[in-house]
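Notes to accompany the following structure.
What follows draws every value from the coordinates through simple rules; no lab data is involved. Remember, it's a predicted structure, so these values are computed and weren't measured experimentally. Ideal geometry is used to build each Cβ from the backbone, glycine not excepted, and the neighbour counts take in all protein chains shown.
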Amino acid sequence: MIDALSLLHGLPLLVWVGYLTYLILWRCFLSPLAKLPGPKLAAFTYWYECYYDIAQPAQYAFKIKALHREYGPVVRIGPNDVSISDPDFVDAVYAPGPGHKRDKNPKHSRSLGINSSIGGSIAHELHRNRREALNPFFSPQRIHRLDPDLTSKAAQVEDIFADASESGQVLNLSDIYFAFCNDVVHKYCFGSDPNLLSNLRLASARRNNVVSVLGSVKIMFHFSWIRKLSQWLPGGTGAHGMMIFRRRIRAQIDAVLARGPSSDEAPSIFTHLRDSTELPAAEKSAQRLEDEAVLMTMAGTYSPMLSLVVAHYHLLTRPDIMTKLRTELGAYGPIPTAAELECLPCVSAITQEAHRLTFGLTGRNARVCPDEPIVYKEKEKPGRTYVFPAGTSLSVSTLVVHTDESLFPNPWVFDPGRWLPATNGPTDTDKSVIKEQQDGQDAASLLLSRRRRSMLSFMRGPRVCIGRHLANAEIAVLLDVMARWDLELFETDEEDVEYKHDYHVMCPKLGSKGVRVKVKGRWGQNGGPVAPEKERGKDGQGRQNWCGYGYGVAASTLDITNSGKAQVLGDLTNVLGDAIVLPGNEEYEKANGSYFSAFENELKPWCIAKPGNVAQVQSLVTTLGPHILSRLCHVAIRGTGHTPFAGSANIDGGVTIDMRRLKGITLSEEGTVVEIGVGETWTAVYTELEKHGLTTTGARVGRVGVAGFILGGGLSMFSTRTGFACDSLIEFQIVLASSEVAYANKQQNADLFWALKGRLDNFGIVTSFKMKTLKSGKIWGGITLRITRPGPFHSYLRRLASSAGYGFGHQAVSCVMYHTQGKENPPSLQRFTSIEPQIHQMSSMRTSTHLEFSEELSKFSSDGKRQYWASITIHADISLMKLFHDKWQETLTQIQDADGFIFSFGFHPLTKTLLENSEKAGGNAAAIPPSDGPLFVLLINPIWALPEDDSRIFRAVGELVSELRSLARERGLLHRYIFTNYGFGKDDILAVYGDKSLAKLMETSKRVDPQGVFQLGVPGGFKLPNRTIVGS
């Protein structure tokens, strides 16, 4: 009995020993990670990490860096944790692209106890859904609406400096910038301004409270159960500090929920979430909103505050950098908005360098791939490959990457020159990269691009910091303020801003009081402080325009074009990497020389952006939006590039977005709807649909791209029975100026759906669309050709005026005609097939398929030639059409000697049946009533070979178009409509739509693009006339 009891008493010990033995064997010898380099103790237990986090304290980030020096680029730092030091592997961990999930490590999300916030969301899908509700508030365009608040708060900071200048008071910049950021983010979240800038003592207390909260994160990370005891812990602990902070936030959330919707209520993020009809009730609970608010206010206050104090400290210790900043700001004169400030090269470079040395989230931001392995190939040893199984916790340390000497020589030196374009030359601290730069601009640009891609201050990928644009705006505005004032440090050294401890964010030496200064005065005209009595100006306001300070630097001393170009290219490369193609690259030359028209081929954009998915299009819009609004760049959007006039889908000295990689043809299960990516051609669409016995109302010429054709309205072989091609549309997927992906159909965004049908690029970037399919049967038709003489042509006109045929001619008369029900030579077409004389050997009349006929017409395309289109719409009238033909012949005689000259002149019917079916399908912005029919769209298409003929052909054809319009107008036969697909670049196509349609288009544009990004930034296509831009 005693032996049995002894055995029972010893059983827990045996179980524990057995479990310990299992852990040792599994973690150190049998696990798929067992052979990875790293200390065995770290592989066996989390106590290894705990020791460096708590006993050291908060030094594990630095230990990881030391482990990489010892073991190489891959180190196992925990039982299921791997650290990688290769900057080029950052995107594989954090931004793998569409279709690849990255979950958070649950262990790393619990230290602050905000588990239901976007930052605490473990699963990829849950994070995405929660983030989508917040994304609209943090787009660059939405952040720019905060300019009045930022300016007002900056004025308060200047008043504080002005008061201290007079009183001699020592200021704590850490408290001031904490108050500034807290005031801004609190008002944005809750609609009310706590105005901490007016009470710096309270700001100091709250900052120290956050410091105490952060000081507890390592304990909470390893012993999360302690949080449950926090309500009984003494007031000096970080856990208790977190409770105080959370109670304050909960009071705000409770107030928002208690108020309910009201017209008197200031709009805010959390009133929007409260009133959202799209969020389920569980996502609007007080606890969930409290977690979200804690994250937003803490991260939105403390992180930008750190970057601000780091930047200001180094500006005060590096007068050479401060001088450059003041010179740049002085040269540009008054700069009223954060967006414009952000685009200045020196401002941007200082911001980037401050972020680099603030390190963002310094803790291990581990990601877990739940459903596929991740492969890493070591560069130093090409034969060594690591395969990390699904479920492995991977991380890239910001400390390791931001201090990588191959990227950042002398990494602990504050050097904004690292972020300036290579045209400025290497800085003193970049001598190790001079060899790369000797190979030319490309090497330097690649190095700068690699630096940008390696920055982890805001992380990368789908979990990139949602508030990054707000932080950058705050820093830009306050850099402007910093340059206005002459300050000196007070009992502050570099240890007060240097990364010493990892408490989830960068923490300086323990016990630091912050960055403290004395204010000597406002920086003045003669390179020194202004006398205190002159600081405020006559109106007593601290904030003034730079032009009032007379720095004596002319704006022309800086090349804003080159600076802006470098900033744009740098930002784009940071977002899309290799998908940004630069001049001199073979891929650039191939893409830029592949347009339908030589006029487009001759334009030279700064770069070609080639997004491969919708997320990359969103990133492009997010990145380019601020630059567009700051007038730093223009953009062209290319489908396949079939529109011939210069600037329609390419741009000189801007950014061309080439959408041809966005492919995809997906048929619905019922086969009634097809979804098409905008990078496709109609040949590809017809080829895929024909496999299923289907087709759709696409272009008559198969090689034409789907996007421009549909967005221009489109005429198809089936238009008589279906209306314009765009009338068969069911839904558009579009990226708006806010970078939001929107869907437009009859139920959702109905105004946008209506507006997009035929209105090109006024509203956003369409990425795909859905349209109805048709049964694909045999078609009878083809092309007939007649010799040139007046008789046959006039005979065509008589038949054409009452029929549905197609005719064009240059030195002969041709007719393109189809019977889409497949009936051979039906009576409706015999009036055209019977006209003699014709060249029967060249006739292609036959029974075939939609695909084959579209390929036949593709052979008539004249790619790369000098050409353009012009169009007129008229009411059917034989005498006017004959007169048109005669005037065309007169013009032909003037310019027919041009080398390679072809001059097409064709009539395209818009029958009453076509217009009726268009109206039945819901109509479009052109709003042509069926009673206006039948109409004819006249296409005038000159083609020639040599640039020296450009001016005379443009002049002669331009005069012809003007004369034809006058002739039609005099007879009351000119119709207001201009077919968008055939429009000339100078035509005011949208202005002729009628007041009602135009007003509706304007209202839609204002709703989806209030700042006019696609009006200001995309000069190609046809713009809405006199569109009022918000804030312009």
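Using +1 at the Cβ of each Lys and Arg and -1 at the Cβ of each Asp and Glu in the chain, identify which of ALA154, PRO416, VAL184 lies farthest towards the dipole's positive end.
My answer, from the dipole projection, is VAL184.
Taking 60 Å as R0, compute the FRET efficiency from the Cβ-Cβ separation of GLU70 and GLU602 and round it to 0.05.
Working: r = 57 Å, r/R0 = 0.95.
In this case the efficiency is close to 0.60.
At 7 Å along the Cα-to-beta-carbon direction for both ALA390 and GLN889, put a label point, then send me their distance in nm to one decimal.
7.4 nm
Run the quick spin-label model on LEU667 and ARG955: label points 7 Å from Cα toward the beta carbon, then report their separation in nm to one decimal.
Between LEU667 and ARG955, the label points sit 5.6 nm apart.
Distance cut-off 26 Å, Cα to Cα: go down the list LYS35/LYS218; LYS187/LYS518; LYS746/LYS1023; LYS772/LYS865; LYS663/LYS859; LYS590/LYS663 and report the pairs above it. Provide the component values of the computation, followed by the final result.
Working: LYS35/LYS218 28 Å; LYS187/LYS518 29 Å; LYS746/LYS1023 24 Å; LYS772/LYS865 34 Å; LYS663/LYS859 23 Å; LYS590/LYS663 19 Å.
Over 26 Å Cα-Cα: LYS35/LYS218; LYS187/LYS518; LYS772/LYS865.
Report the extension gain between ARG259 and THR849 in nm, rounded to one decimal, defined as 0.36 nm multiplied by the number of residues separating them, less their alpha carbon distance. All intermediate terms of the calculation are to be shown ahead of the outcome.
Numbers: separation 590, 0.36 × 590 = 212.40 nm, distance 6.48 nm.
Difference between extended and current length: 205.9 nm.
Could you pull out every one of the lysines with an alpha carbon less than 23 Å from that of LYS887, ignoring same-chain neighbours closer than 8 positions?
Straight-distance partners of LYS887: LYS986.
How would the range 560-658 be classified by its alpha-carbon gyration tensor: rounded, prolate or oblate, with rounded meaning a/c under 1.5 and the a/b versus b/c comparison settling the rest? Working shown, then result.
Values: a/c = 1.56, a/b = 1.37, b/c = 1.14.
Verdict is prolate for the range 560-658.
If you take P(r) over Cα pairs in 10 Å bins from 0, in percent from the coordinates, which of (1) 2, 6, 8, 7, 7, 7, 6, 6, 6, 7, 8, 9, 9, 6, 3, 2, 1, 0, 0, 0; (2) 2, 7, 8, 7, 6, 5, 5, 5, 5, 5, 6, 7, 7, 8, 8, 6, 3, 1, 0, 0; (3) 2, 10, 17, 20, 17, 13, 10, 7, 3, 1, 0, 0, 0 do you get?
(3)
So how do PHE137, PHE724 line up by other beta-carbon neighbours within 10 Å, fewest first?
Working: PHE137 20, PHE724 30.
Ranking PHE137, PHE724 by Cβ neighbours within 10 Å, fewest first, gives PHE137, PHE724.
Once you list every other residue whose beta carbon is under 13 Å from the beta carbon of SER931, what net charge do they have if Lys and Arg are +1 and Asp and Glu are -1? If you can, show how the numbers build up before the last one.
Details: positive: LYS912; negative: GLU916, GLU919, ASP932.
It works out to a net charge of -2.
Using Stokes-Einstein with the Kirkwood hydrodynamic radius over Cα pairs, what translational diffusion coefficient do you get for the range 665-775 at 37 °C and a viscosity of 0.692 mPa s, in µm²/s rounded to a whole number? All intermediate terms of the calculation are to be shown ahead of the outcome.
Working: Rh = 13.8 Å.
The estimated diffusion coefficient comes to 237 µm²/s.
Before rounding to the nearest 500, sum -39500 (n - 2.57) across all DSSP H runs of length at least 4 in the chain and divide by the residue total; then give [θ] at 222 nm in deg cm²/dmol. It would help to have the intermediate numbers written out before the result.
On the way: 38 runs with 427 residues, N = 1032.
Theoretical 222 nm ellipticity from helices: -12500 deg cm²/dmol.
Label-point separation (nm) for SER285 and ARG247, each offset 7 Å from Cα along Cα-to-Cβ?
So the label points at SER285 and ARG247 sit 2.3 nm apart.
Among THR784, THR695, THR911, rank each residue by its count of other Cβ atoms within 10 Å, from fewest to most, as a rough exposure measure.
Details: THR784 23, THR695 26, THR911 19.
Lowest count first: THR911, THR784, THR695.
Tell me which residues come under 5 Å, amide H to amide H, from ARG866 once H is placed; ignore anything under 5 positions away on its chain.
Those lying under 5 Å, H to H, from ARG866 are ALA598, TRP944.
Stick to Cα atoms and the Kirkwood definition of Rh, then tell me Rg/Rh for the range 816-889. Walk me through the intermediate numbers first.
Working: Rg = 16.1 Å, Rh = 15.9 Å.
When Rh is taken as the Kirkwood radius, the ratio is 1.01.
Which helices count as membrane-span-like in the chain under these terms: full DSSP H, at least 24 Å along the axis by C-alpha, Kyte-Doolittle mean of -1.0 or more?
Values: long enough: 2-25 (34 Å, 1.64); 147-167 (30 Å, -0.50); 173-190 (25 Å, 0.61); 238-259 (32 Å, 0.08); 286-317 (46 Å, 0.47); 878-895 (26 Å, -0.17); 950-970 (30 Å, -0.20).
Taking the DSSP H segments of the chain (at least 24 Å long, mean hydropathy at least -1.0), we get 2-25, 147-167, 173-190, 238-259, 286-317, 878-895, 950-970.
What order, most packed first, do the peptides 468-477, 168-177 have when packing is the mean number of other Cβ atoms within 10 Å of each residue? Walk me through the numbers on the way to the answer.
On the way: 468-477: 24.5, 168-177: 21.1.
Highest mean packing first, the order is 468-477, 168-177.
Counting only other residues whose beta carbon sits under 10 Å from that of ARG27, what net charge do I get with K and R as +1, D and E as -1? Write out the running numbers ahead of the final one.
Numbers: positive: LYS40, ARG76; negative: none.
Combined, the nearby Lys, Arg, Asp and Glu give +2.
Taking the Cα centre of the chain as origin, sum charge times position over the Cβ atoms of Lys and Arg (+1) and Asp and Glu (-1), and report the length of that vector in debye to the nearest 20.
Details: 112 positive and 106 negative charges, 358 e Å.
Its charge dipole is roughly 1720 debye.
Report the calculated FRET efficiency for THR687 and ALA34 (r = Cβ-Cβ distance, R0 = 51 Å), to the nearest 0.05.
Working: r = 51 Å, r/R0 = 1.00.
That pair, THR687 with ALA34, gives E of 0.50.
Can you tell me the relative contact order of the range 560-658? Whole percent, Cα pairs under 8 Å, sequence separation 6 or more.
Values: 155 pairs, mean separation 33.9, N = 99.
With pairs under 8 Å counted, the relative contact order is 34 percent.
Would you work out the relative contact order for the range 163-203, in percent, from Cα pairs under 8 angstrom that are 6 or more residues apart? Don't skip to the end; give the middle numbers.
On the way: 30 pairs, mean separation 14.3, N = 41.
With pairs under 8 Å counted, the relative contact order is 35 percent.
Arranged from highest to lowest average of other beta-carbon atoms within 10 Å per residue, in what order do the peptides 141-153, 632-644, 75-87 appear?
On the way: 141-153: 18.5, 632-644: 25.6, 75-87: 23.2.
Packing proxy ranking, top to bottom: 632-644, 75-87, 141-153.
Restricting to Cα pairs below 8 Å that are 6+ residues apart, what does the relative contact order work out to for the chain? Please round to a whole percent.
Working: 1891 pairs, mean separation 103.1, N = 1032.
With pairs under 8 Å counted, the relative contact order is 10 percent.
Which one, SER630, PHE458, SER31, projects farthest toward the positive side of the charge dipole computed for the chain from Cβ point charges (K/R +1, D/E -1)?
So the residue furthest toward the plus end is SER31.
If you place +1 on the Cβ of every Lys and Arg and -1 on the Cβ of every Asp and Glu, how big does the dipole about the Cα centre of the range 560-658 come out, in debye to the nearest 20?
The calculated dipole for the range 560-658 is roughly 240 debye.
Sum up the charges of everything whose Cβ sits under 10 Å from the Cβ of ARG246, counting Lys and Arg as +1 and Asp and Glu as -1, but leave ARG246 out. Intermediate values should be presented prior to the final figure.
Values: positive: ARG247, ARG248, ARG250; negative: GLU290, ASP291.
Summing Lys/Arg as +1 and Asp/Glu as -1 gives +1.
Just rank HIS68, HIS875, fewest to most, by other beta-carbon atoms within 10 angstrom.
Working: HIS68 22, HIS875 17.
Lowest count first: HIS875, HIS68.
Based on the Cβ-Cβ distance of SER828 and GLU587, what FRET efficiency does E = 1/(1 + (r/R0)^6) give at R0 = 41 Å, to the nearest 0.05?
0.25
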